[in-house]
Amino acid sequence: MKRKGQVVAHIDLDYFFAQIEELRNPGIADKPVVVCVYSGRTEDSGVVSSANYIARRYGVKAGIPIVRAKALLKGTDAVFLPMRRDEYAQISEQVMEILREFADVVEVESIDEASLDISSRVGDDYSKAMELGSEIKRRIRELLGLKCTIGIACNKVVAKIAADVAKPDGLRIVKPEETSSFLAELPVEKLPGVGEKLRTKLAELGVKTIGDLAQLSMDKLHQLVGEKTATYLKLAARGEYYEPVAERRERKQISRIITLKQNTRDVEEIMRQLSTPINDVLTKAESMGVSFSGVGIIAISTNLRIITRSKTLNEPVDRQLLMDTVRHLFNALLNEQPSLMLRRAGVRLFDLKPASRQTSLTFFQ
Ligand code: DGT
Ligand code: CA
Ligand code: CA
């Protein structure tokens, strides 16, 4: 599995859901912010999904009951908000789209996490990798207003751990020759795949650090977990688990966003500036051999609020219908929000399906 010269960047967005809520409402950024999944049974039943770093100082974290979080934050000006997963998922897609500019292969690992194979962009030059990492952070910050943490190392596992220890708003490079010493002293539960149960069992054997785990005999490890997991853990603890970065699922959408030449709310001006991105998404759809029936717009306001609107049509969409739908969605949004000024605008195609030959032939007419 060893692939020479592999350089992997792992990106994880900081306090993702809570950070989006802060962006949407900057007035709350200096307060504890807790995003909750309300179960609806009683007023406060449910769990915490994401907490900003201020709330974490009080012991609030994902997975604890809302009632418990309220008790921990009693007497503060904490803000509790319901989770709005659809919006977070849309923003996640925007982040992944930005990441695709920086790597040929992007593996989306979760709503706020991805691994990028940047080998072909940086060779084995880790100072170039560092620059690329800073550039990715800058782009995500500039385009979406979001902070993230990046770890860069010789494989996915080490890169993910590097990001984990560098949180928040961090960038951590682990060069290949530093891998063993970087891992050695870290608590074993930092290794992805070591949960609370396994941590306890390992502790009974005196295994506390990743370095201890790397030294543990395969026989002993195998007594605790199945063979496949034991093999993974052993390699991972040595920093030698070289599973390649691979796209996991089919792409669900195609989007492009631009920064407008001036802030504006003039729909015709927006449409003029969107003509290149619209051509780009159509070209991309054609090169992927897909048609689409979903059209969305992305609007980012001058204060970095992200607003999305979309429409699903009954038929595969051609260029003219795409333009008409985008214009219509911007018109509706700007009429609905008279004080909205746009700084950035974008277009999104979704509900992608393999194109029949006929659709792709008529695509650009
Ligand atoms: P971080 O990365 O430590 O700065 O903080 P988050 O909030 O980004 O945490 P992360 O990366 O583990 O998870 C990404 C998002 O997934 C998070 O914003 C909310 C959601 N999430 C994480 N853990 C839970 C959980 O236990 N329950 C629910 N409902 N959602 C969760
Ligand atoms: Ca995160
Ligand atoms: Ca995450």
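The values are calculated or read from the model by the stated rules, or taken from the named source; none is laboratory data. Everything numeric in this text was worked out from a predicted model, so none of it was measured. Backbone-built Cβ (ideal geometry, glycine too); neighbour counts: all protein chains shown. Just so you know, the surface numbers come from the protein's heavy atoms only, side chains and all, with ligands and any DNA or RNA stripped out. Shrake-Rupley method; radii C 1.70, N 1.55, O 1.52, S 1.80 Å.
Residue count for the stretch 71-82 under the criterion of being more than 24 Å from the chain's Cα centre (by Cα) and surrounded by fewer than 15 Cβ atoms within 10 Å (Cβ to Cβ): the result is 5. Considering the conditions (1) away from ligand 1 (no atom under 15 Å from the Cβ); (2) over 19 Å from Glu243 (Cβ atoms), Pro168 is excluded by exactly one of them, (1).
More than 22 Å from Arg24 (Cβ to Cβ), touching a residue at least 40 places away in the same chain (Cβ under 8 Å) and part of a helix (DSSP H, G or I), is that true of Val158? In short, yes. Does the stretch 28-37 contain any residue that is among the charged types (D, E, K, R) and outside any loop (DSSP other than H, G, I, E, B)? No, there is no match, as no residue in the stretch 28-37 is among the charged types (D, E, K, R) and outside any loop (DSSP other than H, G, I, E, B).
With the structure loaded, tell me whether Ile118 is more than 16 Å from ligand 3 (Cβ to nearest atom), closer than 24 Å to Glu178 by Cα and open to solvent by less than 20 Å² (accessible area, probe 1.4 Å) or whether it fails that test.
Against the criterion (more than 16 Å from ligand 3 (Cβ to nearest atom), closer than 24 Å to Glu178 by Cα and open to solvent by less than 20 Å² (accessible area, probe 1.4 Å)), Ile118 qualifies.
Looking at the stretch 199-206, can you tell me whether even one residue there is outside the structural domain of Met288 (by TED's automatic domain parsing), β-branched (Val, Ile, Thr) and free of Cβ contacts under 8 Å to residues at least 12 places away in the same chain? Yes, some residue in the stretch 199-206 is outside the structural domain of Met288 (by TED's automatic domain parsing), β-branched (Val, Ile, Thr) and free of Cβ contacts under 8 Å to residues at least 12 places away in the same chain. When Lys208 is tested against (1) within 16 Å of ligand 1 (Cβ to nearest atom); (2) open to solvent by 60 Å² or more (accessible area, probe 1.4 Å); (3) over 25 Å from Ala18 (Cα atoms), just one condition goes unmet, and that condition is (1). Scanning the stretch 1-27 for residues that are part of a helix (DSSP H, G or I) and of a type in the set (A, V, I, L, M) gives Ala18, Ile20, Leu23. Scanning the stretch 294-308 for residues that are open to solvent by less than 10 Å² (accessible area, probe 1.4 Å) and in contact with an Asp or Glu (Cβ under 8 Å, 6 or more places away or on another chain) turns up just one, Gly294. Exactly one residue out of Arg68, Arg85 is open to solvent by 60 Å² or more (accessible area, probe 1.4 Å) and within 16 Å of ligand 3 (Cβ to nearest atom), and it is Arg85. Taking the stretch 314-345 as the range and being surrounded by 18 or more Cβ atoms within 10 Å (Cβ to Cβ) and either among the charged types (D, E, K, R) or under 17 Å from Glu268 (Cβ atoms) (or both) as the test, the residues that pass are Leu322, Thr325, Val326, Leu329, Phe330, Leu333, Leu334, Leu342, Arg344, Ala345. Only one of the numbered conditions (1) more than 16 Å from ligand 2 (Cβ to nearest atom); (2) open to solvent by less than 30 Å² (accessible area, probe 1.4 Å) is not met by Ala163, and that is (1). Evaluate the following for Ala246: is it away from ligand 3 (no atom under 16 Å from the Cβ) and under 25 Å from the mean Cα position of the chain (by Cα)? Yes: the conditions hold for Ala246. Candidates Lys61, Lys74, Lys70: the one that is away from ligand 2 (no atom under 16 Å from the Cβ) and in a loop (DSSP other than H, G, I, E, B) is Lys74. Checked against the criterion of being crowded, with 16+ Cβ neighbours inside 10 Å, away from ligand 2 (no atom under 14 Å from the Cβ), over 26 Å from Ile300 (Cα atoms) and at pLDDT 95 or above, the stretch 91-106 has no qualifying residue. Candidates Val60, Val35: the one that is within 24 Å of Ala114 (Cα to Cα), open to solvent by less than 10 Å² (accessible area, probe 1.4 Å), of a type in the set (A, V, I, L, M, F, W, C) and not assigned by TED's automatic domain parsing to the domain that holds Leu304 is Val35. Among the residues of the stretch 38-57, just one is over 14 Å from Leu73 (Cα atoms), within 16 Å of ligand 3 (Cβ to nearest atom) and surrounded by fewer than 22 Cβ atoms within 10 Å (Cβ to Cβ), namely Ser49. Out of the residues in the stretch 98-135 meeting the condition of being in a strand (DSSP E or B) and of a type in the set (A, V, I, L, M, F, W, C), tell me which one is nearest to Ile173 (Cα to Cα). So the residue we want is Leu116.
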